[in-house]
Structures are given as structure tokens and as C-alpha cells.
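For reference, the structure discussed in these notes is given below.
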Amino acid sequence: MCVAVKADAYGHGAVPCAKAVLEAGAQYLAVATVDEGIELRENGIDAPVLLLSLCSMSEIASAVKYDITPLVFDRYYVEDFAREVKKSGRTDFAVHIAVDTGMGRIGVYPEEAGELALQIHKTGCLKVDGICTHFAVSDGASSEDDKYTKLQYERFMQAVDSVKQKGIDPGIRHCCASAACLTRKDMQLDMVRPGIIAYGYYADEIDRDYLCKAGTPLDLKEVMTLECEVSAVRKFKKGMSVGYGRTWTAPEDTEIAVLTIGYGDGLLRAYGKAGLTVAINGRPYPVRGRICMDQCMVELGNGSGVQRGDKAVIFGLKEDGALQNADDIARKAGTISYEVATCITKRVPRVFIS
Ligand SMILES: *Cc1c(COP(=O)(O)O)cnc(C)c1O
């Protein structure tokens, strides 16, 4: 099990999440940048760390120094790593071969995998420790998606074979991210790379309903609750407008709550346009006007009883008072839970409760 803790563990906080998943039994972690890997190392994490994206040339020395395992597929990138590893005096620096079986992002084409493995072997200092691919539509529910994933898997197996044919052990074979972890028991090979499901969200179309119908029900529970505070409750007269652009005007006398959250915290303006509601004391209140950088306003109507200091819950766990999760907001706003969670910015304090 290799859990993706890239992008600050999808906005949740990389170091505490990494420690939690390792304690729960994961053996590998995956990051997207060398700095993310260094953060783990500097916080005492010594599990193998996979670097899922290519790093820039200036970061290769650090990747080697901090023992971060790159995905490689390009011969120049392999040469650059080999040069740095030689300088360090190491002779067995682990790399994983990335195979592009149809994702169209990074990876060697399946028919070139054997040659690349040979090149890696010949450096004398790099070792093929694994081989992987990434699915483009494993989170889709259509039969075309299903066919494409099977095709990608077949190509991946061809790549694995071509490495073996060169007399090289391909090491750990892995291809399943969250969606395929849930639906492709037959493709899990030696390791899986879940990300989003570790944070409690389904992977796009592979949702609760889909899994129920497929006879493999799974009850995921979101990890994060995003909350802020009511910083003021104000009386608005009919005709008064709220915020920049004056996009909303009170159609009658009402109360407006000012909240301590804005797009500078990751509450994107697009959510306002999509009709975001916020839970206060167990009831939903609509955001009115444009979401500002540091604040936003919600309409309370009259007699809500909401007071300054009350907790306003944007999304998260029901027991924390939420009426929706990040996935619900994402669907309304035309995006995915990954983006909603990852966009929560650094200035929002993460509080960890075990
Ligand atoms: C991000 C990522 C994952 C995890 O994806 P989820 O959909 O969050 O499970 C796995 N593999 C690679 C290559 C990735 O980039």
C-alpha cells in the first residue's frame, strides 16, 4: 500500500497524514515534488517515498540526497539521476519505471520499457525497484471506460514482460489509484496507490451508489471538516446590497452573517456562484454576494437565533455539524473533491483529532 500524500495530503496536512497511514499499515508514500518528500524526511519519516511527477533538473541532487524514489521514463532524466547518484557513491539507488499505457502524461511507451530497463541497469548505480502505470478512466463507470482500462492493463503487462525478457527483475508492479483499488481486484499486482479514498471521498463516478450496485459496498467517511466562525450578525434593510459587484440585493429586511472565510482560505468564488450553503447550528444558509478574499456573507433571514461566535461549517462530517461534504460542493461547482480539499490554503489551521 502506497498512499498519496502529495499536495499536502490533498490539503489535509502531509506529515500527520503520512504518520497516520504508516501506522495504519501503509508501507510507501507518494509525493509530487521533491520538497514534499523532504518535508516528510525532515519530520522523521523514513518509509520509501515515491516521486510521482518529474522534478526539475535542479532538484535531482536533493532527490538523491533525501532518498526519494523517482518515476523515470526518459533516458536523459535517467542519465541525470545516474550522475548525481554516482557522486553520492551509492550503487543501488531505487527508481521505478513509469509506463504510458494510455494516460498520455508521463511514461515510456510499453514497447520501449525493456530498453529503458537495460539502460537503468547499465548505469551501475540505479536499480529497477518497480514499474507502474496510471489509468486515465478507471474512475469512469461506462463500458468504454472499462474497456480502456483493460487495454491499459494489457499494455502494462506487455511492458512488464519486455523488462523480464531483458533479464531484469521489474520489481514492484503497481497501477491502481483509488478508483481501481475499489473496482479492479484483479489488477492490484504488488502494490496499490490510493489517494482520495484515504481522505474519505469516492473517486468520481465510482461512488457509493456505484459500489452498492456492483455488490462491493463501501462506506467511506470524510476525514476533514472545514469550519469558520460567524464574526458579525447584521441587520439589512430591503434594497441594501452585499459585497463587491453588488450581485445580491436584499429583497426584504433580513439578517446577514459575516463569516471568517474567503477565497484566500480556499473557499473559491465559483462556489458562491454555484449556490453554496453553509451550516450554522444545523441549518443551511445561502452565501449571498461574491465571496471575498477573507470573508463572505450568508443570509440568515429573520429570527434565526444565529449569534456572533457561532460555528459555521462549510463541509465535512455530520457529527461536526456539516450538512454536506467536499464532494457535494465539488459536484455543484463542476469540479471534484480533490480540488475542493487541495485548495484549502496554508493559512487555515489544521487541527488533528485522533
Ligand atoms: C495522484 C496519483 C495517485 C492517487 O490518485 P487518487 O485518485 O487520489 O487515488 C496515484 N497514482 C498517481 C500516479 C497519481 O498521480
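Keeping every protein chain in place, order Arg90, Arg308, Arg331 by accessible area at 1.4 Å, biggest value first, i.e. largest first. Present the calculation step by step, with values, prior to reporting the outcome.
On the way: Arg90 75, Arg308 185, Arg331 125 Å².
From most exposed to least exposed: Arg308, Arg331, Arg90.
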Query - Out-of-range pairs (alpha-carbon distance over 29 Å; input Lys86/Lys150; Lys147/Lys273; Lys318/Lys346) - result: Lys86/Lys150; Lys147/Lys273
Query raised in the report: Can you give me the Cα centroid spacing of region 92-162 and region 269-310 in angstrom?
Result: 47
Query raised in the report: Pick from Ser58, Ser231, Ser142: which is most flexible by mean-square fluctuation in a GNM of the chain where alpha carbon atoms under 10 Å apart are linked?
Result: Ser58
Report summary line: Percent antiparallel among DSSP beta bridges confined to the chain, rounded to 5, stands at 50
Query raised in the report: Over region 1-85, what is the mean sequence separation of C-alpha contacts under 8 Å (at least six apart), divided by residue count, expressed as relative contact order in percent?
Result: 24
Query raised in the report: Using a Gaussian network for the chain with springs between C-alpha atoms less than 10 Å apart, which of these wobbles most: Gly316, Gly262, Gly167?
Result: Gly167
Query raised in the report: So which aspartates and glutamates can Lys238 reach, going by Cα to Cα under 19 Å and dropping same-chain residues fewer than 8 places off?
Result: Glu252, Asp253, Glu255, Glu299
Query raised in the report: Using a Gaussian network model of the chain with C-alpha springs under 10 Å, which one of Gly13, Gly124, Gly200 is most mobile by mean-square fluctuation?
Result: Gly124
**Report entry** Area accessible to solvent at Ser162, 1.4 Å probe radius, in Å²
**Finding:** 20
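I'd like to verify something in the chain: which complete DSSP H helices, judged by Cα projection on the helix axis, reach 24 Å or more and average at least 1.6 on the Kyte-Doolittle scale? Mind dumping the intermediate values first?
Details: long enough: 143-165 (33 Å, -1.32).
Counting only whole DSSP H runs, no helix qualifies.
The values are calculated or read from the model by the stated rules, or taken from the named source; none is laboratory data. Note that the structure is a prediction, hence the values are computed from the model and not measured. Note: areas computed on protein heavy atoms with side chains; ligands, DNA, RNA excluded. Shrake-Rupley method; radii C 1.70, N 1.55, O 1.52, S 1.80 Å.
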